[in-house]
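Here is the structure we will look at.
Taken together, the values in this text are just the output of simple stated rules run on the coordinates, not laboratory data. Only a predicted model underlies this, so the values are computations on that prediction, with no experimental measurement involved. When we count neighbours, we look across all protein chains shown, and the Cβ atoms used for this are built from the backbone with ideal geometry, even at glycine.
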Amino acid sequence: SQQGEEDPQALSIQEGENATMNCSYKTSINNLQWYRQNSGRGLVHLILIRSNEREKHSGRLRVTLDTSKKSSSLLITASRAADTASYFCATDPGTPLVFGKGTRLSVIA
Amino acid sequence: EAQVTQNPRYLITVTGKKLTVTCSQNMNHEYMSWYRQDPGLGLRQIYYSMNVEVTDKGDVPEGYKVSRKEKRNFPLILESPSPNQTSLYFCASSLSYSSYNEQFFGPGTRLTVL
């Protein structure tokens with residue numbers, strides 16, 4: 001059961017620019033998480049935002065959540081080549097987490 | 001170091017030859033899960049376990065078996081692998097069966113079934 005859908009599917013930016021990716025979901029949630037995956041490796045947890053929160057920060061990451069629109073965005077500021085990865089949102093419609101298909105971010109030096 | 005380990009990391013096998021992919025975590029986590037990742041389909045859950053001796057089907061359980069006899073181990077068994085099970089497999093664990101817990105992922109097992 002695919003719950004979260006990331007947009008865009010792929011994003012290419014220059015180093016130093018900001019990267020924004022979005023996640024839309026269908027049913028109500030308790031929280032939403034973002035994960036990063038470097039090519040072919042395991043996912044790494046980035047940040048969790050609860051349904052009663054609107055915005056959360058962690059270092060260069062800023063996550064927003066709009067439950068009325070059933071959407072979230074992940075902003076990476078001042079991107080670096082090391083940020084090149086796929087980014088997934090994960091929601092909890094029933095079983096603990098359901099992952100989207102991801103946004104592939106390429107940061108060009 | 002807190003981690004989830006999987007073995008083997010790479011495996012090429014033939015149709016019908018039973019195989020087991022092991023998964024082990026050293027964080028005393030209650031919840032463990034198996035996912036497969038395929039291009040264009042994202043991450044799909046195969047099976048999960050809320051605790052020892054408690055397992056349940058995820059979204060794509062057909063062709064797979066699991067067991068949870070010890071808290072730290074959660075092996076994935078393919079009794080008769082087929083080419084459509086060629087995929088990248090991830091084991092993950094979290095503190096408990098709660099969506100408020102982050103999941104810790106293993107490094108992945110790339111399986112090719114010929």
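If you build the Cα gyration tensor of the range B:60-114 and take the root of 5 times each eigenvalue, what three semi-axes come out, in whole angstrom, biggest first? Please report the intermediate quantities before stating the final value.
Working: eigenvalues 113, 36, 20 Å².
Sorted largest first and rounded, they come to 24, 13, 10 Å.
Please give the charge dipole size of chain A, origin at the Cα centre, charges +1 on K and R Cβ atoms and -1 on D and E Cβ atoms. Round to the nearest 20 debye. Working shown, then result.
Values: 13 positive and 10 negative charges, 31 e Å.
About 140 debye.
For the protein assembly as shown, just run the numbers: alpha carbon Rg, then divide by 2.2 N^0.38 Å, N being how many residues it has. Mind dumping the intermediate values first?
Details: Rg = 17.4 Å, N = 223, 2.2 N^0.38 = 17.2 Å.
Scaled against compact globular proteins, the figure is 1.02.
How are the C-alpha pair distances of the range A:19-83 spread across 10 Å bins, as whole percents from the shortest bin up?
Distribution as computed: 20, 52, 25, 3 percent.
Run through the DSSP bridge list for the protein assembly as shown and note the antiparallel percent, rounded to the nearest 5.
Numbers: 70 of 79 bridges.
Antiparallel bridges: around 90 percent, rounded to the nearest 5.
Where in the range B:59-97 is the amide nitrogen less than 19 Å from a point lying 7 Å along the Cα-to-Cβ axis of A:Gln9?
B:88
Using the crude model of +1 on Lys and Arg Cβ and -1 on Asp and Glu Cβ, and no other charge, please compute the dipole size for chain B relative to its Cα centre, in debye to 20.
Numbers: 12 positive and 10 negative charges, 71 e Å.
It works out to roughly 340 debye.
Going toward the positive end of the dipole of the protein assembly as shown, with +1 on Lys and Arg Cβ and -1 on Asp and Glu Cβ, which of B:Tyr47, A:Leu43, B:Gln6 do you reach last?
Checked the options; the winner is B:Gln6.
In µm²/s, what is D for chain A at 4 °C and 1.567 mPa s, where D = kT/(6 pi eta Rh) by Stokes-Einstein and Rh is the Kirkwood radius from Cα pairs? Provide the component values of the computation, followed by the final result.
Numbers: Rh = 13.7 Å.
Calculated translational D: 94 µm²/s.
Relative contact order (percent) for chain A, with alpha-carbon contacts under 8 angstrom and 6 or more residues of separation? Intermediate values should be presented prior to the final figure.
On the way: 277 pairs, mean separation 42.7, N = 109.
Answer for chain A is 39 percent.
Throw me the Rg/Rh for the range B:1-88, computed over C-alpha atoms with Kirkwood Rh, two decimals. Each step should come with its number before you reach the end.
Values: Rg = 12.9 Å, Rh = 13.5 Å.
Taking Rh as the inverse mean 1/r over Cα pairs, Rg/Rh reads 0.95.
Which pairs break 24 Å Cα to Cα here: A:Lys26/A:Lys56; A:Lys26/B:Lys65; A:Lys26/B:Lys69; A:Lys70/A:Lys101; A:Lys70/B:Lys57; A:Lys70/B:Lys65?
Where the Cα-Cα span goes over 24 Å, the pairs concerned are A:Lys26/B:Lys65; A:Lys26/B:Lys69; A:Lys70/B:Lys57; A:Lys70/B:Lys65.
Using the Karplus curve 6.51 cos²θ - 1.76 cosθ + 1.60 with θ = phi - 60°, what ³J(HN,Hα) values do you get for each residue of the range B:99-111, in whole Hz, with x for Gly and Pro?
6, 7, 9, 6, 9, 9, 9, x, x, x, 10, 8, 10
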